[in-house]
Amino acid sequence: MSYYLVDQNPIFLTWAKYQQLLREAAKKLGVNTISARIQNTEADYKVDEYIANKLELLYEEDKSVFLKEWKTISLKGEEAQDNLWDLIYDYCYYYRNCYLKDIRSVEDKIADDYSNRSYRLPMGKTFLLVHEAKPQKWFDILSNKVGKQIEVKINMEEVVEISGTLENFTIITSRYNIDCNKNLRIW
């Protein structure tokens, strides 16, 4: 599931909001919700277009209400844990300055595939967020200095709360907090 751009506003859809829009689209378009989730199918394209148009329509109806209800993310507990991987994946794609890294063993990957957990948790419950910190000083940039990579190990079961927007959100865990925006801050 990817984010949508509505009037240059990145909109992250939580699983609950995505399911709501998916059911509505499937009913209106007469497609199966399961086939609509299979990427690069006709049903997938139809549903994706429907959701994009629906979000645009909601935005045009009342911009301030739309931005409050659809752009703002406020998740707690299990809902935060369920949406974490997708949110960070979209964050990585939006800023293109970090990526996710699978740290599971081969045995764990196979076990997850057989137990059908890979669909919702493609990298398991613990993974790395690798942020590429680029040089900030002009002489470092001109001399082609390579930036540093910062790896943050994230355990989904430790996540307590997520709040903000796709452009700027905070992950609160039981051990530390992560501010995710153009830069990454761990405190």
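The table for this structure:
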| quantity | calculated |
| --- | --- |
| Any chance Ile186 is modelled with pLDDT of 80 or more, of a type in the set (Val, Ile, Thr) and not assigned by TED's automatic domain parsing to the domain that holds Ile11 | yes |
| Helices (runs of 4 or more DSSP H) fully within the stretch 72-146 counting 1 or more residues that are modelled with pLDDT of 70 or more | 77-95, 106-114 |
| Complete set of residues in the stretch 26-55 that are loosely packed, with under 12 Cβ neighbours inside 10 Å and at pLDDT 80 or above | Lys27, Asn53 |
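The values are calculated or read from the model by the stated rules, or taken from the named source; none is laboratory data. Predicted, not measured: the structure shown is a model, and the values here were computed from it. Neighbour counts run over all protein chains shown; Cβ positions are idealised from the backbone, glycine included.
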